[in-house]
Amino acid sequence: MQYKLKKPDWIRVKAPVSKEYQETRDLMRNLKLNTVCEEASCPNIGECWAKRHATVMILGSVCTRACTFCNIKTGRPDLLDPHEPERVGEAVAQMGLHHVVITSVDRDDLEDGGAYHFAETIKAIRKKTPHTTIEVLTPDFLRKEGAIEIVVNARPDVYNHNLETVPRLYAEVRPGARYFHSLRLLQTVKELDPSLFTKSGIMVGLGEDKGEVYQVMDDLRAASVDFMTIGQYLQPTPKHHVVDRFVTPSEFEDYARMARGKGFLMVSASPLTRSSYHAGEDFLHLREAREQQLQL
């Protein structure tokens, strides 16, 4: 695979140079924590880390899947670190976070897919900073019976699991996953605890068409998902899936209008939208939207 398209002006971001960025980076290094911000080459890292916002990636830095869009290393996974949850809690406390996003690599090698580790991390954060709201972005726990229940019972405030793309493109973009399994996961979370906010997102520019994106919206609403994110796919290296096209800002606005019309409590759709981008502010808006809905 090779790079084919030049990035348009609306997709360009400034290099991370702030003092706060360096302090966030140093904290993660000192506590020996991974972040999806670095591992997945997020374009928003400079902005987010300047605000001391970081998405912590637990369960190691090596993934057992080989999705063609993702820049996280694939191979033999790291040994599970039993002290990692405590260090995550310490990082959240030192950064003074009001809202934190915890994600992970896929761990198909673990009996529970890493679900218990997620639960322990949630508990460690609650112990250190009880008022911090917690958002988890989990893998699909494919063929891991009981894993979803373990995470839900730990009571995060938001349960996020990304569909990533339209079903037609799964075989080439997300070959180790199953579209309808991921949908069912999101539906199960709501069935287990209707009070939890659920969230999911896709990338565009991979070769999908508008009709397919609208169908994903319908599928997510049928699963009672509250919040949808839509962002531009960016090819991390020449080995990864190519960018089919750069979706224009006006098209993202159209997607946002359509998603709101379909009943999502929250929608974030822009070229630089990512799952955890502005997650803290979005959570406040999400909670307000639910309160307004309940008053109707």
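Bear in mind that the values in this text are calculations on the coordinates, not laboratory data. Given the structure is predicted, the values throughout are model-derived calculations rather than measurements. Here the Cβ positions follow ideal geometry from the backbone for every residue, glycine too, while neighbour counts run over all protein chains shown.
Values computed for the structure shown
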| quantity | calculated |
| --- | --- |
| Per-residue ³J(HN,Hα) for region 76-89, Karplus 6.51 cos²θ - 1.76 cosθ + 1.60, θ = phi - 60°, Hz, x for Gly and Pro | 6, x, 5, 5, 5, 9, x, 8, 4, x, 5, 5, 5, x |
| HN-Hα J in Hz across region 264-276 - Karplus 6.51, -1.76, 1.60, θ = phi - 60°, x for Gly and Pro | 5, 5, 9, 9, 10, 9, 6, x, 9, 4, 9, 3, 10 |
| Sites HIS83 and ARG143, calculated FRET efficiency, Cβ-Cβ separation with R0 35 Å, nearest 0.05 | 0.80 |
| Protection proxy ranking, peptides 55-68, 85-98, average beta carbon neighbours within 10 Å, highest first | 55-68, 85-98 |
| For the chain, built as a Gaussian network whose Cα springs stay under 10 Å, the top-fluctuating residue of HIS285, HIS241, HIS161 | HIS285 |
| Among 201-208, 189-196, the order from most to least packed when residues are scored by Cβ within 10 Å on average | 201-208, 189-196 |
| Estimated vicinal HN-Hα couplings, Hz - region 290-296 in sequence order (Karplus 6.51, -1.76, 1.60; Gly, Pro = x) | 5, 4, 5, 5, 5, 7, 6 |
| The chain: most fluctuating residue of ASN162, ASN34, ASN153 per GNM, C-alpha cutoff 10 Å | ASN153 |
| Residues of type lysines that LYS210 reaches as a straight line, Cα spacing below 20 Å, ignoring anything fewer than 8 places off in the same chain | LYS262 |
| ALA66 long-range amide H proximity, modeled H, under 5 Å | GLY176 |
| Inter-centroid distance (Cα atoms) of region 109-145 relative to region 226-296, Å | 23 |
| D_trans [Stokes-Einstein, Kirkwood Rh over alpha-carbon pairs] for the chain, 25 °C, 0.890 mPa s, µm² s⁻¹ | 127 |
| Pairwise label distance in nanometres, GLN293 with ASP193, each label 7 Å out on the Cα-Cβ vector | 1.7 |
| For the chain: relative contact order, % (alpha-carbon pairs under 8 angstrom, 6 or more apart) | 17 |
| DSSP beta bridges in region 13-295 [antiparallel fraction, %, rounded to 5] | 5 |
